[in-house]
Amino acid sequence: MQEAALFSFSSTSNNSDSDSNKPSPPPCTQVLFSQFQSQSQSKSLDSDPILINDSLTLYKGRVSTFDVFGVANSDLLPGKYEGGLKLWEGSLDLVRFLYTEIQKGRLSLKGMRVLEIGCGHGLPGILTILEGASLVHFQDFNAEVLKCLTIPNVKRNMSKELAELGFFSGDWGEVHKMLLCDSIENRTEDCGTSCGGYDLILMAETMYDIASLCSLYHLIKKCMKKRGGTVYLAGKKYYFGVGGGTRQFIRMVEEDGMMEACMISEVTDGASNVREVWKLIYK
Ligand SMILES: C[S@@+](CC[C@H](N)C(=O)[O-])C[C@H]1O[C@@H](n2cnc3c(N)ncnc32)[C@H](O)[C@@H]1O
């Protein structure tokens with residue numbers, strides 16, 4: 001018997017996947033880099049060093065959910081706070097993978113236009129700044145995460161402004177309006193001021209909620225450069241209790257049939273259930 005399609009690709013699927021019990025998402029906003037904390041203040045923020053491949057040190061800030069959202073030790077408050085203040089393992093898997101590829105001369109980020117979706121701490125995006133990307137946009141559900149964590153982290157890791165930077169908050173079903181797009185329909189309708197899409201889209205641990213996988217995939221299709229664009233995504237194979245996972249997401253991509261998906265790394269370090277890094281390109 002043929003297995004029923006898990007996901008629908010109708011034009012309404014952007015909005016129809018939202019759970020009616022969830023509060024409405026926060027409005028899309030752009031958070032200005034210059035608005036929050038000077039570089040010297042960022043250097044004195046509570047931060048921890050993270051050593052990557054024994055040769056690169058990145059710094060991550062320490063910000064509590066209680067200070068920002070008034071709730072103690074919460075990973076997620078569905079529809080209100082989506083986990084951006086915590087550093088998830090997949091984010092470091094992605095940084096390590098990218099940095100290894102660069103060290104081995106198999107990847108260059110010079111001049112690339114990059115989007116990190118669901119950035120939280122933003123370490124993968126920060127690596128691309130340090131490695132010569134010309135434009136890096138960071139997206140998170142919550143403006144508070146961008147203000148209190150992503151921007152201070154970017155400032156903490158950069159000695160001078162190296163790339164054109166943008167910080168955008170909002171739900172995946174809407175935030176493309178503020179981002180670069182590369183699709184015919186969006187060029188005439190609702191794409192941001194500059195079109196053409198991103199060369200590279202990065203995301204880590206964004207595939208946990210089955211209800212938002214469609215809007216996440218639609219966002220990628222709107223924003224990824226049609227010719228030569230690449231997505232690298234990292235996350236857990238399954239997220240117990242919430243239904244999502246890299247495999248659910250990849251199954252949806254394969255059902256759609258427009259992109260080729262290839263698993264490039266599997267991480268079984270015991271820190272969590274199995275994690276994976278995948279690459280997506282247009283066929
Ligand atoms: C589990 S956190 C991962 C954060 C970071 N990438 C990491 O690995 O440390 C999930 C991220 O996806 C974002 N996110 C989740 N659901 C979202 C949605 N529906 N719309 C926009 N962003 C969302 C959250 O704001 C958060 O940054």
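The values are calculated or read from the model by the stated rules, or taken from the named source; none is laboratory data. Keep in mind it's a predicted model, so treat the numbers as computed, not measured. Cβ coordinates were reconstructed from backbone atoms using ideal geometry, including for glycine residues, and neighbour counts include every protein chain displayed. All accessible areas refer to the heavy atoms of the entire protein, side chains included, with ligands and DNA or RNA removed. Shrake-Rupley method; radii C 1.70, N 1.55, O 1.52, S 1.80 Å.
So here's what we get for this one:
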| quantity | calculated |
| --- | --- |
| Residue within the stretch 86-104 that is over 13 Å from the mean Cα position of the chain (by Cα), within 12 Å of the ligand (Cβ to nearest atom) and among the basic types (Lys, Arg) present | yes |
| Qualifying helices (runs of 4 or more DSSP H) (wholly inside the stretch 39-126; at least 3 residues being out of contact with any helix residue (DSSP H, G or I) (no Cβ under 7 Å at 6 or more places or on another chain)) | 65-69, 89-103 |
| Leu94 open to solvent by less than 50 Å² (accessible area, probe 1.4 Å), within 18 Å of Trp278 (Cβ to Cβ) and touching a residue at least 60 places away in the same chain (Cβ under 8 Å) | yes |
| Given (1) buried (at least 21 other Cβ atoms within 10 Å of the Cβ); (2) in a loop (DSSP other than H, G, I, E, B), number of the condition Lys226 does not satisfy | (1) |
| Boolean, Leu146 is surrounded by 20 or more Cβ atoms within 10 Å (Cβ to Cβ) and either within 10 Å of the ligand (Cβ to nearest atom) or aliphatic (A, V, I, L, M) (or both) | yes |
| Some residue of the stretch 99-116 being polar (S, T, N, Q), at pLDDT 95 or above and touching a Leu at 6+ places or on another chain (Cβ under 7 Å) | no |
| Complete set of residues in the stretch 264-280 that are under 15 Å from Gly245 (Cβ atoms) and under 18 Å from the mean Cα position of the chain (by Cα) | Arg275, Glu276, Val277, Trp278 |
| Some residue of the stretch 150-164 being assigned to a strand (DSSP E or B), out of contact with any Lys or Arg (no Cβ under 8 Å at 6 or more places or on another chain) and more than 9 Å from the ligand (Cβ to nearest atom) | yes |
